[in-house]
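The values are calculated or read from the model by the stated rules, or taken from the named source; none is laboratory data. Predicted model only: the values in this text are computed from it and were never measured. Don't worry about glycine lacking a Cβ; one is built from the backbone with ideal geometry, like all the others, and counts go over all protein chains shown.
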Amino acid sequence: MALSFTKMHGLGNDFAVVDGVTQAVNLTAGQIKALADRQLGIGYDQLLLVEPPSQPNVDFNYRIFNVDGVEVEHCGNGARCFALFVRAKGLSQKNPLTVKTLNRVLSLSFEESGDITVDMEKPMLEPAHLPFCADGRRTKYHRTLTVGGVDLDVEFGAVSMGNPHAVIIVEDLENAAVKEIGRAFQAHPDFPDSVNVGFMQVLQRDHIKLRVFERGTGETLACGTGACAATVVGCLNGLLDETVEVDLKGGCLKIQWPLSVSEDSPVVMTGPACIVYDGIIEDS
C-alpha cells in the first residue's frame, strides 16, 4: 500500500502531514518512529494526521505523534502547517477552520500576509492540569535536579497549553544547558507524563528569545506551544507585556495574551507555515 504525505515546517519545526480523510491510514508507533529517522526515513519532529471530524462543531480532527510514536496533545507550529495543508490539498477553504486535538478545540485563521493565526485557548495554570505534582499553584516553583552529577536548585514556571511546559528564565540562552537540564526535568517524578522544557531570555518587555527541549523529540528549531507558555510565564511574573515577539532558532512568532482582561483569555499565536515537498510512503 502506498501512503501519500507532505513534508512541511513552521519556523524549522518540521512535520510529515498525512491525509487521513481521503486515504486509509494505519501507521503503527513503530512505523512512525522509523519514518522519523533523518538518515533512513523521512525525518521530522512530529507526524501530523488529518482526520474527519469526530463531533459536529469541528471541521477536522488534528492528531499529533512524536518521533517515539507516542500521540501527544498539542503542537502550535503543527497547527499552522495543518491549516495550510488542508487548504493546499483542497480539503477545505473555510476561514477560520475549527479543529479538535486530543484535549482542545482550536481556531485556525488565514491572514492576508500569508501567516496563520491560531487561537490556542486559555492556559491552564493549576499544577494538576499539566500534570505536575505540587502543593499548590504558584508563579514560580523550585525543584532540585541532578545534572552531570551535580545537584542544582532550578526555578521555573509551569503551565499547560494543552500539553505540559516548564519554563526557566535564563540570562545567557546561547550557553544554557538545554539538553542536560531538559532531560533531568523530563525524568523528574513530579512530571508523571514528562514535560516540555523552555529556556527563556528576556530582551525587552515585548521581546524574548527561547529554546525548547520537547518531550519525545529533543530540542527543536521552534515550538509554538512553548512560545505561548513562555509568554504566559513571563506575563504572570510581571516581566512581559501582553504582546510579545518570540525569537526561536527557526524564526519569529507573535504571541498575544490579554492578561489584563482575564487569566482565562485565550493565547493567540501568529506565524508562518511552509510546504517543502510531497512524497509517497511505500509499504515494504
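Just one of the listed residues (Asp151, Asp172) is more than 22 Å from Asn103 (Cβ to Cβ), assigned to a loop (DSSP other than H, G, I, E, B) and not hydroxyl-bearing (Ser, Thr, Tyr), namely Asp172. The residues of the range 195-217 that are out of contact with any helix residue (DSSP H, G or I) (no Cβ under 7 Å at 6 or more places or on another chain) and either over 19 Å from Gly162 (Cβ atoms) or of a type in the set (Val, Ile, Thr) (or both), listed by number, are Gln201, Leu203, Gln204, Arg205, Asp206, His207, Lys209, Thr217. Checked against (1) over 22 Å from Met269 (Cα atoms); (2) touching a Phe, Trp or Tyr at 6+ places or on another chain (Cβ under 8 Å), Leu47 meets all criteria but (1).
Kindly indicate which of Phe213, Phe199, Phe191 is crowded, with 19+ Cβ neighbours inside 10 Å, modelled with pLDDT of 95 or more and part of a loop (DSSP other than H, G, I, E, B). Break it down into steps so the answer makes sense when it comes.
Values: Phe213 fails: part of a loop (DSSP other than H, G, I, E, B); Phe199 fails: part of a loop (DSSP other than H, G, I, E, B).
From the options Phe213, Phe199, Phe191, the qualifying one is Phe191.
With respect to Glu219, determine if the residue is among the acidic types (Asp, Glu) and either farther than 19 Å from Asp68 by Cβ or in a loop (DSSP other than H, G, I, E, B) (or both). No.
Summed over the range 192-246, the residues that are closer than 23 Å to Tyr44 by Cβ and either in contact (Cβ under 8 Å) with a residue 60 or more places away in the chain or in contact with an Asp or Glu (Cβ under 9 Å, 6 or more places away or on another chain) (or both) give a count of 23.
Taking the stated definitions as given, is Lys100 within 23 Å of Pro258 (Cα to Cα) and not assigned by TED's automatic domain parsing to the domain that holds Gly250? Walk me through it before giving the result.
On the way: within 23 Å of Pro258 (Cα to Cα): no; not assigned by TED's automatic domain parsing to the domain that holds Gly250: yes.
It is false that Lys100 is within 23 Å of Pro258 (Cα to Cα) and not assigned by TED's automatic domain parsing to the domain that holds Gly250.
Within the range 136-152, the set of residues being small (Gly, Ala, Ser) and in contact (Cβ under 8 Å) with a residue 12 or more places away in the chain comprises just one member, Gly148.
Every residue, every condition in (1) in contact (Cβ under 8 Å) with a residue 12 or more places away in the chain; (2) part of a loop (DSSP other than H, G, I, E, B), yes or no:
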{"residue": "Leu40", "(1), (2)": "no, yes"}
{"residue": "Leu49", "(1), (2)": "yes, no"}
{"residue": "His74", "(1), (2)": "yes, yes"}
{"residue": "Lys94", "(1), (2)": "yes, yes"}
{"residue": "Thr98", "(1), (2)": "yes, no"}
{"residue": "Leu108", "(1), (2)": "yes, no"}
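Of the listed requirements (1) in contact with a helix residue (DSSP H, G or I) (Cβ under 8 Å, 6 or more places away or on another chain); (2) in a strand (DSSP E or B); (3) not polar (S, T, N, Q), Arg137 misses just one: (2).
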